[in-house]
Amino acid sequence: MTSTYLCIIICAIIWILNGICIVHSLKEQIVSEFYIHTGLGIFLSLLTLELTIGRNEAWKHIDIPWLAVAGWILYVPSAFLVAGSLIALKHKGKPKGADFTATTTFIDSGVYHYVRQPMTLGLAIWSVALILVFQSLPALILGLISLFFFRMAAIKESKYNIRKFGDTYTEYMKRVPMWNIFKYLKQ
């Protein structure tokens with residue numbers, strides 16, 4: 001019963017914090033931010049559900065070991081992509097204000113040299129990793145929903161960046177794939 005209360009409290013905090021960001025994104029009409037924060041809320045709720053009440057056998061887990069290993073392995077590129085994008089945004093993006101994602105400078109180095117949307121790609125890979133690690137129906141449903149929201153965030157972010165950076169970003173889009181890092185490496 002304690003894990004249920006803990007789950008409710010953590011999920012409430014997740015949605016209050018993400019709700020603030022979602023409301024802000026709607027006020028500012030930044031659609032990509034709406035999608036990313038909704039995806040994060042679902043993603044973090046999935047993680048919380050599985051680590052609290054899911055661990056207490058609240059629902060069935062399949063437990064195929066090689067799928068779990070594949071999921072754990074996927075944590076590495078997802079962490080690299082998310083961390084790499086956060087570092088680049090904070091240090092090279094010359095953000096205005098406290099929000100380091102609100103960059104004022106176009107970035108095409110670091111992970112952004114290989115993929116246009118490394119943060120959303122990393123979160124999408126992490127969503128797939130959670131599905132493979134937890135192997136439950138709630139993980140599958142919430143993981144796929146968060147994957148959809150991260151994909152939509154990437155698409156909307158590209159449109160936002162065209163308005164923000166103009167022709168520079170349009171040319172960048174021709175050179176660097178949104179998510180297909182293998183396409184870039186193949187060139």
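Things to note:
- For the criterion of being farther than 30 Å from TYR114 by Cβ and either crowded, with 20+ Cβ neighbours inside 10 Å or β-branched (Val, Ile, Thr) (or both), THR48 passes.
- Answer residue from the range 116-174, given it is of a type in the set (S, T, N, Q) and surrounded by fewer than 20 Cβ atoms within 10 Å (Cβ to Cβ) and is farthest from ALA68 (Cα to Cα) among those: THR168
- Near pairs, Cβ below 6 angstrom, 6+ apart or cross-chain, from the range 29-49 (over 19 Å from CYS7 (Cβ atoms) and modelled with pLDDT under 90) to any residue that is crowded, with 21+ Cβ neighbours inside 10 Å and of a type outside the set (S, T, N, Q): SER32/ALA153; SER32/GLU157
- Residue in the range 20-40 that is surrounded by fewer than 20 Cβ atoms within 10 Å (Cβ to Cβ) and under 24 Å from LEU132 (Cα atoms) present: no
- Per the listing HIS113, HIS61, the residue uniquely within 25 Å of ILE10 (Cβ to Cβ) and surrounded by fewer than 19 Cβ atoms within 10 Å (Cβ to Cβ) is HIS61.
- Within the set TRP59, TRP66, the sole residue that is part of a helix (DSSP H, G or I), more than 18 Å from ASN18 (Cβ to Cβ) and more than 22 Å from the chain's Cα centre (by Cα) turns out to be TRP66.
- Filter result (hydrophobic (A, V, I, L, M, F, W, C) and either surrounded by fewer than 14 Cβ atoms within 10 Å (Cβ to Cβ) or under 27 Å from GLY110 (Cβ atoms) (or both)) within the range 68-86: VAL69, ALA70, TRP72, ILE73, LEU74, VAL76, ALA79, PHE80, LEU81, VAL82, ALA83, LEU86
The values are calculated or read from the model by the stated rules, or taken from the named source; none is laboratory data. No experiment lies behind these values; they were computed from the predicted model shown. Every residue, glycine among them, receives a Cβ derived from its backbone with ideal geometry; neighbour counts consider all protein chains shown.
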